[in-house]
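The values are calculated or read from the model by the stated rules, or taken from the named source; none is laboratory data. In this text the structure is predicted, and so the values were computed from the model without any measurement. All Cβ positions, even for glycine, are placed from backbone atoms using ideal geometry, and neighbour counts span all protein chains on display. SASA here: full protein model, heavy atoms, side chains in, ligands and nucleic acids out. Shrake-Rupley method; radii C 1.70, N 1.55, O 1.52, S 1.80 Å.
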Amino acid sequence: KNNQVTENEIIPEEEISEEQMRQTIVSLYFYNDTTKSLASEGRLIDAKELVNEPYKKLMEMLISGPQNSNLTKTITDGTKINKAELKGDILYLDLSKEFIENHVGGEEQESITIYSIVNTMTRLTEVNAVKILIDGEENKAFKDSKIKFDDPFVVIKEEDKIENSNTITNE
């Protein structure tokens, strides 16, 4: 006789504001001093900041450095972004000469700098490679010429490595 079912109404603790709905998470890659490798740092930003010049905004965030104290910035001080333009699936980044002139050098450090940019930018679905220009000129290199900017830089994405697999991984 007492088969009454009570429904529990779920009441949100607070309404989601319009500002919160516009927020998105971006992944920026910096050098991790502990693991001696690149690591991503998630940042919550207003999606409107990415509307007009998303690549320039991400580069500005990389240049300003990480918020996590275990991570180190990879792009030298004084580097300016002259232009960031997507052509097809290649992002052309035109950076100021300080990008190479102020760099400490060494192939490992140079590679870390390049791939912090490439890993960050290729997280965007429309970018598959990054071509670096210095003050509008192609085919430049770091001072020691260990890493040249002749060709676009590409990173192999995790989802490309796992072909025909039923495994689901969370990043």
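The numbered conditions (1) open to solvent by less than 70 Å² (accessible area, probe 1.4 Å); (2) of a type outside the set (S, T, N, Q); (3) within 12 Å of the chain's Cα centre (by Cα) are all true for residue 60 except (1). Taking only the range 129-142 into account, find how many residues are in a loop (DSSP other than H, G, I, E, B) and either in contact with a Gly (Cβ under 7 Å, 6 or more places away or on another chain) or surrounded by 20 or more Cβ atoms within 10 Å (Cβ to Cβ) (or both). Total meeting the criteria: 1. Filtered by the rule that a residue be open to solvent by 50 Å² or more (accessible area, probe 1.4 Å) and within 18 Å of residue 122 (Cα to Cα), the range 25-36 gives a lone residue, 25.
In the set (1) open to solvent by less than 10 Å² (accessible area, probe 1.4 Å); (2) closer than 22 Å to residue 54 by Cβ, the condition left unmet by residue 152 is number (1).
Here 88, 78 are screened, and the one residue that is more than 17 Å from the chain's Cα centre (by Cα) and touching a residue at least 24 places away in the same chain (Cβ under 8 Å) is 78. Flag set for residue 96, criterion: among the polar types (S, T, N, Q) and either surrounded by 14 or more Cβ atoms within 10 Å (Cβ to Cβ) or touching a Ser or Thr at 6+ places or on another chain (Cβ under 6 Å) (or both).
Considering only residues that are in contact with an Asp or Glu (Cβ under 9 Å, 6 or more places away or on another chain) and under 21 Å from residue 60 (Cβ atoms), look in the range 115-128 and name the one that is least open to solvent (accessible area, probe 1.4 Å). Of everything passing the filter in the range 115-128, 127 is least open to solvent (accessible area, probe 1.4 Å). Restricting attention to the range 49-94, the residues being among the basic types (Lys, Arg) and over 23 Å from residue 152 (Cα atoms) number 0.
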